[in-house]
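The values are calculated or read from the model by the stated rules, or taken from the named source; none is laboratory data. None of the values given here were measured: they were computed from a predicted structure. As a convention, Cβ positions derive from the backbone with ideal geometry for all residues, glycine included, and neighbour counts pool all protein chains shown.
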Amino acid sequence: DAGVTQSPTHLIKTRGQHVTLRCSPISGHKSVSWYQQVLGQGPQFIFQYYEKEERGRGNFPDRFSARQFPNYSSELNVNALLLGDSALYLCASLPGQGARNTEAFFGQGTRLTVV
Amino acid sequence: GEDVEQSLFLSVREGDSSVINCTYTDSSSTYLYWYKQEPGAGLQLLTYIFSNMDMKQDQRLTVLLNKKDKHLSLRIADTQTGDSAIYFCAENAGGYNKLIFGAGTRLAVHP
């Protein structure tokens, strides 16, 4: 069984550009959450998606958006990149919306660097 | 408000016990978690405790919860060099699977 797959693993973008990060959850899992981890800090919740609908949103600007596809994979989009968006972006896979976080598995993350 | 605080750094000798402390603010959290992050890796769930428990032991790991003081600790017995990593305390918040993480405690194990 494949674990949580995130792509790309590393990415360098210029200020003002747009970026799309991708996540494939564990087979059979229907919920995906996104977290941003700035260097030296703990992860911060961005979004949760379940059955293609947004179920939760953290305190992030509208430049951040996401969507979930029928196969339960997900994309995180960030527009008008700022230097402060440089971070490790983590995806968590859960069986369903009501699942306990004890059943969440995290991917290895995408390291985004904005220059 | 939602906030989780941890000390930032801990250094221990190999074979000793490590104790990592955490305080949290959301008294409605039903579960509290400890995650481990090694360099260049994602987050690995180490252990968790349900909020109506005081203690949970899992092999070398012991979690203590003081709900009155909103204090959580993780004790690692017989600490090994492979335990060197960043440890995050987290609580769940809200009606969905939102996790609130502390800033992480970097554990350094030396011979």
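Taking segment A:25-45 as the region of interest, how many residues are assigned to a strand (DSSP E or B), over 12 Å from A:ARG67 (Cα atoms) and not polar (S, T, N, Q)?
Of the residues in segment A:25-45, 2 are assigned to a strand (DSSP E or B), over 12 Å from A:ARG67 (Cα atoms) and not polar (S, T, N, Q).
Would you mention how many residues in segment A:1-19 are surrounded by 15 or more Cβ atoms within 10 Å (Cβ to Cβ) and outside any loop (DSSP other than H, G, I, E, B)?
5
What about A:ARG22, is it of a type in the set (Lys, Arg), assigned to a strand (DSSP E or B) and within 16 Å of A:PHE106 (Cβ to Cβ)?
yes
Hey, among A:LEU94, A:LEU82, which residue is within 14 Å of chain B (Cβ to nearest Cβ) and of a type in the set (A, V, I, L, M, F, W, C)?
None of the others qualify; the one that does is A:LEU94.
Could you list, in sequence order, the residues of segment A:68-87 that are touching a Ser or Thr at 6+ places or on another chain (Cβ under 7 Å) and either surrounded by fewer than 19 Cβ atoms within 10 Å (Cβ to Cβ) or not in a strand (DSSP E or B) (or both)?
Those that are touching a Ser or Thr at 6+ places or on another chain (Cβ under 7 Å) and either surrounded by fewer than 19 Cβ atoms within 10 Å (Cβ to Cβ) or not in a strand (DSSP E or B) (or both): A:SER73, A:GLU75, A:ASN77, A:SER86.
Quickly run through segment B:1-19 and pick out the residues that are assigned to a strand (DSSP E or B) and either within 13 Å of chain A (Cβ to nearest Cβ) or at pLDDT below 95 (or both).
B:VAL4, B:GLU5, B:GLN6, B:PHE9
I'm trying to understand the selection: among the residues of segment B:31-60, which are among the polar types (S, T, N, Q) and surrounded by 13 or more Cβ atoms within 10 Å (Cβ to Cβ)?
B:GLN37, B:GLN44, B:THR47, B:SER51
Quick check on A:GLN44: is it out of contact with any Ser or Thr (no Cβ under 9 Å at 6 or more places or on another chain) and closer than 21 Å to B:GLN37 by Cβ?
When the stated conditions are applied, A:GLN44 passes them.
Check whether at least one residue in segment A:20-31 is modelled with pLDDT of 90 or more, over 18 Å from B:GLN44 (Cβ atoms) and surrounded by 22 or more Cβ atoms within 10 Å (Cβ to Cβ), and report yes or no.
So far as segment A:20-31 goes, yes, one or more of its residues are modelled with pLDDT of 90 or more, over 18 Å from B:GLN44 (Cβ atoms) and surrounded by 22 or more Cβ atoms within 10 Å (Cβ to Cβ).
Just for segment B:40-51: of the residues that are in a loop (DSSP other than H, G, I, E, B) and without any contact (Cβ under 8 Å) to a residue 12 or more places away in the chain, which one is nearest to the other protein chains (Cβ to nearest Cβ)?
Going through the qualifying residues, I end up with B:GLY42.
Is it the case that some residue within segment A:99-109 is in contact (Cβ under 8 Å) with a residue 24 or more places away in the chain, of a type outside the set (Val, Ile, Thr), within 12 Å of another protein chain (Cβ to nearest Cβ) and out of contact with any Gly (no Cβ under 9 Å at 6 or more places or on another chain)?
Taking every residue of segment A:99-109 in turn, at least one turns out to be in contact (Cβ under 8 Å) with a residue 24 or more places away in the chain, of a type outside the set (Val, Ile, Thr), within 12 Å of another protein chain (Cβ to nearest Cβ) and out of contact with any Gly (no Cβ under 9 Å at 6 or more places or on another chain).
Taking the condition closer than 30 Å to A:SER31 by Cα, at pLDDT below 95, in contact with a strand residue (DSSP E or B) (Cβ under 7 Å, 6 or more places away or on another chain) and among the polar types (S, T, N, Q), does B:THR30 pass?
So B:THR30 fits the description; yes.
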